[in-house]
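The values are calculated or read from the model by the stated rules, or taken from the named source; none is laboratory data. Values in this document were obtained by computation on a predicted structure and should not be read as measured data. Positions of Cβ are generated from backbone atoms using ideal geometry, with glycine treated the same way; all protein chains shown enter the neighbour counts.
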Amino acid sequence: MSTTNATTAAPEQVEAPQKGFAGQSVPRKEDKRLVQGQGVFVDDVRRHEVGYVHFVRSPYAHAAIANIDVSAALELEGVYGALIGEEVAALTDPFFQLSVPPGSEIKDYALAVGKVRHLGDPVAVVAARTRELARDAAELVEVEYEPLPVVVDPERALDEDAAVLHEDAGTNLVWSGAFDWGDFDTALAEADRVVRIERLHFDRFSSTPLETSGALVEYDRGTAQWTLHANNQFPGFAIIMMGPALRTGMDKLRFVSQDIGGAFGNKICTHPQLVALCLLARKLNRPVQWTEWRTDQHTGNSHGNERVFLDVEVPVKADGTMLGFRCKAVDDCGAYSRYEPLGCIIWAQVTPGLYRWRNVHIDFSQVCTNKSPCGPNRGYSRMQHLWFTERVIDIVAHELDLDPVEIRKLNYIKAEEMPYETPNGCVYDSGDYARCLDMALDLIGYGSIEEKRQDAQSRGKLLGVGIGSTLDSGTNNFGQSQLLNPDLQFSGNNEVASVKLDIFGEVVVTLGTTPQGQSHETVASQVVSDILGVTPDDVHVRAGHDSYWNSHAGFSGTYASQFAVTGLGAVSGATELLADQIRRLAAVILGADGPDAIVLDGGFAKLRDNPEAALPFMACGAIVNANNAGLPPELDDVTLNCRYVYKPPFQVPDKERKFGNLTLTYATQIHACVVEVDPATGVYEIVDYAAVDDCGNRIHPQIVEGQVHGAAAHGLGAAMFETFSYDEDGTLLTSNFYDYHVPHALDMPPLKTGAIESPSPFTSLGTKGMGEGGGAGIHSVCAAIQDALRPAGNAIVTDSHNPYHRVWDLLRAPEASRALVKVEQR
Amino acid sequence: MEPVTSQRIGVTVNGALHEREVEARRLLVHLIRDDLGLTGTHVGCDTGNCGACTVLLDGAAVKSCMLLAVQADGATIETVESLAQEGDLHPLQQAFSDHHALQCGYCTPGMLMSAKHLLDHNAEPTENEIRRAIQGNICRCTGYVNIVEAIAAVAKGEVSA
Amino acid sequence: MLLSEVGYARPAGVEEAVRLLAQNDGARPLAGGQTIVNVMKARAAAPDVLVDLADLDELRAIGSTADGGLSLGAMATYTQVITSAEVKAARPVLADVAAQIADVQVRNRGTVGGNVCSNDPTNHLPPVLVAAGATMTIVGLEGERTVPAEEFFLGVYMTAVGPGELLTAITLPPLGEAGDGFSAITIGADGTCIVNAAATVQGDEARVALGCVSATPALVTARAEEGAVREAVRGAGLEPPSDVHGSADYRRHLAEIVAVRAVAAAGEGG
C-alpha cells in the first residue's frame, strides 16, 4: 500500500518561507483577554439556580458495594439531589469498548456499578445550592464496602490468583497481540553480540494541567438537548462515547468551551463524569456544575500509561549497528479501558524510534489494575516506546563501550533516506537527526565536557551527559485501531474549518479544534492573512469550540500533535475556497477576463493589470449578502462562506501484517542534558540543558519554542519528581501537589533551544504537528544519570523515574541493576 | 465576643469596598470568584501549592485559597483585574504577551500578581530573585523560561505599555 | 477543598484569645493559616472554632532580650523574620532557614508560631530551635509559663501547648561565640524536607537536632567533627518513616550527612 519515495538529495534546511505572516512570531490574539483575567474557563461560566456537585469516591482500591444510602445527604437543607450507580445502570448503556474479547466485555459506566475498582472511583454524585453544602452532603452519603484483594503490579495481573477487576471479562487482560516485522531470528543469528536487558520500567505520571477538569451541564426538556460547557479537549470522541450510552443522538450533546487551562491529553476521557452530570441535570431539572478538585484529578482522572518491557534482546554488529529488538511489553491501563487499548498500537507509529532497525518482535499485552484509569497523556504511547528505544541504544553503547554520539549517528535514519518507510510501513516524512544532535551537543558545550567533568569531580560531584532523541508523530490514521480490533469502524482523520466574509467584509474563521494554549486563533489568522492578503488583525477567529455552531467533524478536537497539519489544513483549504470565490465575484464586478486576473491585496480584490480598479472586501460581503439582485447565474454558488474538511491521505492498514502508514508527519526533538550527582546522597541537579526541534515549516517560531520549553519541563518533571506511586493496598501516595511535586521556577535548569526546519513533503504548508515532545526530557535525564554513575559502580538506569532515592540505590547497590543486563559475545 | 459561623465583612477589592455576609468557612478565593464575580483569579489545586489563586493583600502576595474570607475583613485586595488601567495594559501584562510568557493563560493572573509584588519591592531583581518570586506559582505549559524573561524585561524598563 | 462549618472569632488581645480557646475544646488558634486551612480543606481535622490571632499585634514583635538574645513573637511571619535587622544581628540562621520555606506567598502569611505548634515532622523551625536551646513562652488561663524547646515537641502535630493555651513567644539565647547551621535535602528547590538538621556549635561541641526522622526533633550532641557527628547520629537509634520520597534506610543515611553539613555550616558561621 505505501510506497517509499527516496529522495536523492538531503532536504535543504529551509528558512521559514517569508510569504507574509506565516513564519513570523506575531503578537498573540489570545493574550489580551488572558493577561487581564478575562478568559472564560469552565469554572467561570455561571448560571442561576445551579447545583454545585461533588462526587463521592471510593476510599478502597477494590471493593464490592454492599449498599449506598443517600437519604441523610438528601435531608441536608440546600441539597437538590443525588445520583448513584444503580440509576446509571438503569438509564444508560455501558460505554463502547474498543477492544476485542475479553476486553470488549468490560462494563464501564458513569458511576461505579456493583463494585469499585480504584481509589477515587466515583460511586455517587450530589448537587447542592453551594459548593460547601455539596461537600458536606457528600460526607453524609453512607456507602458500605466489602474490600476485595488488590492488584497493583501489572506483571502480576494475569497470575492465576490475581483478583479480577471485571468479572464480565473474566480476566485482567484488556488486549494482547504479537507484532512481528522483518526477521528477528535471522538478525539474532547474524549478530556479533546480543545485549539482553531483563526489565525496563516506564513509570506512571501525568502532565497534570493546572486547570482541572470541569463542566457546567444544562438540560433543555423541550428539546431534549444537553449543553455542556466543558473543558473536554476531544469532543468528537466524547460525543461518540456518550451518545450511545445516554441513548441519544450525537447532536443532542452540545460541547462548548472557550479557554482551557492546559490539557495535555488529560482532558480526553472525562466522558464518564460528564454522563453522570447529564443524568443529574435532567433528573433535577437544573444546571449542575462540577469542579474537579486536584486530589480528584490525581485519583480519579487520567494517568499516563505505565509500561514494562521484559526480556529485551538486541542483536548488534561489531561496528555498533543494531539490527532490531525483541521483547515483551506489558502496559498497565489502570482500572478501566477508556481510550485503551489504542495505546497497544499507537507506539507502532515509531516502532524503530529514530533508528534504522528492521527486525522487530514485540509480544504486547495490556492489563487492568486497581489504579486510576489511564488517558492519552502528552506523548501518549510513543513516549513510552521511544524511552525504550533510547534506553536500548544507550545501554548497548554503555555495555559495549561505544561512543553514545557515534552509535546514534551510525544507527539514525539519515536525512537523505527520507521519506523513510519503517519496518511496519509507517513513513517518516523528513528530518535530519544527526544535525539536530550536533546542535544540541554544541549548545551544552559537549566539546569541553571532559573539562566540566574534572571540575565537577574537584567539587566532589559526578558529572554525566545524556542524549534523548524523540519523535513527535502527528496526525493519526485512526485505522490503526483496526489492527487491534478488525471490527472497529474507525479510520483516517479529519478536521474542519470555515472562513467567511461577513456582511461588511469582516473575515471570520471558525475552527473545529479545542485549543488549550496552543495559540490556534493566532496561527490560523497568520495562514488566512497570507492567502487573503490581509493582516492578522483583520482576521477574527472565534475563540474556543462550540460543537453546535462550529464546523465539526468526527475527529474534531485538539490532541496528538496535529493542529499545524489538520487544523491548518482545514483553515487553508477553506480560505483557498473563499479566495477563489472572492476572485470570481470581483472578476465579474470589475469586468475582468476571469478570476486569474484578480489579486487579493490589503483587503481589496484588484485587477492584476490595473490595481486602481479595486473592490473592497466590504463591498464583496455586502453584495453577496444584502445586494445580490442581478448577479449572473455563474455566481450562484458564491456565498463567501466556505467550509472545508481536511482529510489526510490515509489507507486502512493491512490487518494481517499490521502494516501501513499510521501517522502523517514526524517532528524531531533531540535533547542533551548535563547532570551533576552528589555521590553521597544521590541528589542531582541538571546543570545544563538543550532541546533542538524540527517540526518542518514553523508558522510561529516563538510558539513552537514555547511548546518545546513546556515539553522539556514535563519530561524533566517526570524524570526527577513526578510519579503516581501506589502502595500494595492500592492507595495513591501522591494524590495532590504537596506530595506530587511538579517543577517550579527554581527547579528548572538553564534551558537552551535550537531549531531547524525540514519541511514535510506531505502537508500543504510543509508543517508538521508538534508539541507533545515525546518525552525527550525523560530519555536524556536517564542517559545523563547513567553516564554520571560510570565511575561510581557503573549502574544501569532501567526506570524512567529517577528521584534522589533511586539514584542513591543505584550508587549503593549497582549490582542489582547491572544484573539486569547481559552481553553475549558471538 | 463569641464565635460566629458567619459574619458581615467589608473588603476593598481593586479599590471598591464590598460588603457581604459570608460563612466563616468560605475561602477568600471563592469570595473573589463566586461572590464578587472576579473570575480572573483561579483555583488549580487543593493544598495551597500552585499559586493560581495569588492576589495582593495589603500589598503582599498571598494565596487566596489559604485564607478565609473573614480573615480579609478590613483588608485591601488587588487582583489581576486591577492591573490594566482604562484599557491600557500594565507593563507586566504587555511583557508577558511580547515574550510569550503564557500559553493556556491559567497560571497567568497569579503569576502577574507575584511578579507585581516582586517589582513593587525590588526594582532590580536578579534572575534567581525572579525565580524565587514566582516559586509559589506553578506553570505546566511554559517551563517558566519566557515568564522569567518577561519579568526581567519589565524590571529593566524595556517594556512600553 | 471546602471546609466544614466552623465558628470564628477575632479577639483583640491575648487574654481574650486564651479565654476563647479555653471555653471550647474544639477551638484552635488561627495564625497564618498556611497549615490549618489546608488541613481543614482536606477535612483531615475539623476544629469547631478558629480563634484568629491576626489582631494580636503584641505577638508580632521581634526584639532583643536583655542578655543579647532574640525574642520572636509567635505571630511573626517568615517574611518579617527574613527582613528583621534584629534577627540578622542575633541569630541569622533563622532568617536563612525562613527564606527556604516554600515560597513568597506562604512566607508572607506563615508564622513562626504556626510552624512550631503544628510540629509537622518535616517542618524547618523545630530542629533549629531545639539545637539553639530556645525557650517557648506559653500563656493560659492560669498565666504564663516557659518550656525549653527540647521539651516542647511531644509528638506528630502535638506540642506542650495544651487546650486553652497559646504560644506567645520564642526566645533564643545570645549566640555569643557559637555558630548556627542548617542543612536540608528537599523535594525540589525549597520544597518539603526529606531530612533536615540544625546545629549549634559552641567551641568544640555540637548540638544537632534532626528533623523528619521521628515524631519530634531528635537531639544528639557530639564533638564538632565529622566522624563524631556521624557516630552520634548512628547511635541515636533512629526509626525514620518510609514513604514515596525515601525509605527509612535512606533517611537514616541522609540524616548523618545533613548533620555533618549543618555542623560544618555552623563552624563557618561561628
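Side notes on the structure shown:
- Within region A:88-108, the set of residues being among the acidic types (Asp, Glu) and either within 15 Å of residue A:344 (Cα to Cα) or part of a loop (DSSP other than H, G, I, E, B) (or both) comprises A:93, A:108.
- Pairs with Cβ under 8 Å, 6+ apart, first in region C:205-231 and under 19 Å from residue C:249 (Cα atoms), second modelled with pLDDT under 95 and among the aromatic types (Phe, Trp, Tyr): none
- Here C:188, C:235, C:203 are screened, and the one residue that is more than 12 Å from residue C:262 (Cβ to Cβ) and touching a Leu at 6+ places or on another chain (Cβ under 8 Å) is C:188.
- From C:51, C:116, residue being buried (at least 20 other Cβ atoms within 10 Å of the Cβ), within 14 Å of chain B (Cβ to nearest Cβ) and either over 26 Å from residue B:6 (Cβ atoms) or over 18 Å from the mean Cα position of the chain (by Cα) (or both): C:51
- Residues of region A:58-74 that are within 34 Å of the chain's Cα centre (by Cα) and buried (at least 22 other Cβ atoms within 10 Å of the Cβ): A:58, A:60, A:61, A:62, A:63.
- Taken over region B:1-13, the criterion of being touching an Asp or Glu at 6+ places or on another chain (Cβ under 9 Å), surrounded by fewer than 17 Cβ atoms within 10 Å (Cβ to Cβ) and away from chain C (no Cβ under 13 Å) is satisfied by B:10 alone.
- Residue count, region A:383-430 (criterion: among the small types (Gly, Ala, Ser) and either part of a helix (DSSP H, G or I) or out of contact with any Gly (no Cβ under 9 Å at 6 or more places or on another chain) (or both)): 2
Per-residue answers, yes or no, for (1) more than 14 Å from every other protein chain (Cβ to nearest Cβ); (2) crowded, with 24+ Cβ neighbours inside 10 Å:
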| site | (1), (2) |
| --- | --- |
| A:248 | yes, no |
| A:257 | no, yes |
| A:267 | no, yes |
| A:284 | yes, no |
| A:307 | yes, yes |
| A:310 | yes, no |
| A:314 | yes, yes |
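- Among the residues of region A:24-68, just one is more than 13 Å from chain B (Cβ to nearest Cβ), in a loop (DSSP other than H, G, I, E, B) and in contact with a Pro (Cβ under 6 Å, 6 or more places away or on another chain), namely A:60.
Conditions tested, residue by residue: (1) basic (Lys, Arg); (2) touching a His at 6+ places or on another chain (Cβ under 8 Å).
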{"residue": "B:121", "(1), (2)": "no, no"}
{"residue": "B:127", "(1), (2)": "no, no"}
{"residue": "B:131", "(1), (2)": "yes, no"}
{"residue": "B:136", "(1), (2)": "no, yes"}
{"residue": "B:143", "(1), (2)": "no, yes"}
{"residue": "B:151", "(1), (2)": "no, no"}
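- Apart from one condition, residue B:105 fits all of (1) surrounded by fewer than 20 Cβ atoms within 10 Å (Cβ to Cβ); (2) assigned by TED's automatic domain parsing to the domain that holds residue B:144; (3) within 30 Å of residue A:299 (Cα to Cα); the exception is (1).
- Residue match in region C:16-36 (condition: touching a Leu at 6+ places or on another chain (Cβ under 8 Å), at the interface with another protein chain (Cβ under 7 Å from one of its Cβ atoms) and β-branched (Val, Ile, Thr)): no
- Of all the residues in region C:55-77, those that are surrounded by 19 or more Cβ atoms within 10 Å (Cβ to Cβ) and either within 11 Å of another protein chain (Cβ to nearest Cβ) or in contact with a His (Cβ under 8 Å, 6 or more places away or on another chain) (or both) number 1.
- Selected residue (criterion: farthest from residue A:674 (Cα to Cα)) from residues of region A:783-800 that are β-branched (Val, Ile, Thr) and in contact with a strand residue (DSSP E or B) (Cβ under 8 Å, 6 or more places away or on another chain): A:798
- Only one of A:753, A:763 that is of a type in the set (S, T, N, Q) and assigned to a strand (DSSP E or B): A:753
- Checked against (1) surrounded by 22 or more Cβ atoms within 10 Å (Cβ to Cβ); (2) assigned to a loop (DSSP other than H, G, I, E, B), residue B:37 meets all criteria but (1).
- A single entry from B:101, B:72 fulfils the requirement of being modelled with pLDDT of 95 or more, under 15 Å from the mean Cα position of the chain (by Cα) and more than 7 Å from every other protein chain (Cβ to nearest Cβ): B:72.
- Test: residue in region A:730-738 that is of a type in the set (A, V, I, L, M), at pLDDT 95 or above and surrounded by 23 or more Cβ atoms within 10 Å (Cβ to Cβ): yes
- Scope region A:698-738; condition in a loop (DSSP other than H, G, I, E, B), in contact with a His (Cβ under 8 Å, 6 or more places away or on another chain) and more than 8 Å from chain B (Cβ to nearest Cβ); matching residues: A:721, A:722, A:723, A:724, A:730, A:734, A:735
- Selection of region B:128-161 for residues being touching a Phe, Trp or Tyr at 6+ places or on another chain (Cβ under 9 Å), of a type outside the set (A, V, I, L, M, F, W, C) and more than 14 Å from chain C (Cβ to nearest Cβ) yields B:140, B:146.
- When the test is whether a residue is outside any helix (DSSP H, G or I), touching a residue at least 40 places away in the same chain (Cβ under 8 Å) and in contact with a strand residue (DSSP E or B) (Cβ under 7 Å, 6 or more places away or on another chain), residue A:111 passes it.
- Checked against (1) at the interface with chain A (Cβ under 8 Å from one of its Cβ atoms); (2) of a type in the set (Gly, Ala, Ser); (3) part of a strand (DSSP E or B), residue B:44 meets all criteria but (3).
- Positions within region A:100-110 being under 21 Å from residue A:163 (Cα atoms) and crowded, with 20+ Cβ neighbours inside 10 Å, in sequence order: A:103, A:106, A:108, A:109
- Scope region B:47-63; condition surrounded by 24 or more Cβ atoms within 10 Å (Cβ to Cβ) and within 13 Å of chain A (Cβ to nearest Cβ); matching residues: B:48, B:49, B:50, B:51, B:52, B:53, B:54, B:55, B:63
- In this structure, residue A:371 does not qualify as surrounded by fewer than 24 Cβ atoms within 10 Å (Cβ to Cβ) and over 18 Å from the mean Cα position of the chain (by Cα).
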